[in-house]
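To start, the structure itself, in structure tokens.
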Amino acid sequence: AQTVTQSQPEMSVQEAETVTLSCTYDTSENNYYLFWYKQPPSRQMILVIRQEAYKQQNATENRFSVNFQKAAKSFSLKISDSQLGDTAMYFCAFAYFNDYKLSFGAGTTVTVRA
Amino acid sequence: DAGVIQSPRHEVTEMGQEVTLRCKPISGHDYLFWYRQTMMRGLELLIYFNNNVPIDDSGMPEDRFSAKMPNASFSTLKIQPSEPRDSAVYFCASSLVNSYNEQFFGPGTRLTVL
């Protein structure tokens, strides 16, 4: 399995503020996908955003955006205008283009304070 | 679509008993995955199927674990005999070929072995 590293076990942010979660990964391949999944207290895993490695443009989904630095093997997630419902554990995940297995990082717990 | 369905949502059993977890993937999806989530080890891929055929079971921890997919709409993960260290949340996920490797997760089964 690929190594996916999330170095921040926990983060706290004030409502309406911005928080950035870091993720690094290790691969020598060029074709792969990167994902951020959200796991709220209900424990349901929900896909937040996806990035294809062959795309230079950073993916954006509403208040969620990524900073994909391919050379640095870095894939950070920015949550803008944080809402209480964003409180969850966030997992970074990696998959090769032609391999359907996902490798997950250890997760970052995000708490949004009112 | 109802999404990935798992049953039961919670299971409490005693050591040595047989446990069967069930999963119904999203209709039309080609791939089915079983994951285990624990505090110590995070999210681990146990096994995955493509068109009902097991492709990679290298994550199955021991011979006590077995998984089957008798048809495209049903899969089971069985633990026999169960042990306290098997206590975890077990997720099933499904995916469609050529869908950017995006996986859709079920709500999980929380297993407690006493």
Task: Residue within segment B:100-112 that is without any contact (Cβ under 8 Å) to a residue 40 or more places away in the chain, exposed (fewer than 13 other Cβ atoms within 10 Å of the Cβ) and not in a strand (DSSP E or B) present - done: no
- [ ] Give the residues of segment A:88-114 that are in contact with a strand residue (DSSP E or B) (Cβ under 8 Å, 6 or more places away or on another chain), within 14 Å of residue A:52 (Cα to Cα) and open to solvent by 60 Å² or more (accessible area, probe 1.4 Å), sorted by residue number.
- [x] A:97
Open item on the list: Checking the condition hydroxyl-bearing (Ser, Thr, Tyr) and within 22 Å of residue B:46 (Cβ to Cβ), which residue from A:27, A:3, A:60 passes?
Closed with: A:3
Task: Number of the exception - residue A:100 against (1) within 14 Å of chain B (Cβ to nearest Cβ); (2) of a type in the set (Phe, Trp, Tyr); (3) in a strand (DSSP E or B) - done: (3)
Open item on the list: Restricting to segment B:72-114, name every residue that is charged (D, E, K, R) and more than 11 Å from chain A (Cβ to nearest Cβ).
Closed with: B:78, B:83, B:85, B:86
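The values are calculated or read from the model by the stated rules, or taken from the named source; none is laboratory data. None of these values were measured; they are calculated from a predicted model. Note that we place each Cβ from the backbone using ideal geometry, even for glycine, and neighbour counts take in every protein chain shown. Side chains are part of the model used for accessible areas, which takes the heavy atoms of the whole protein and leaves out ligands, DNA and RNA. Shrake-Rupley method; radii C 1.70, N 1.55, O 1.52, S 1.80 Å.
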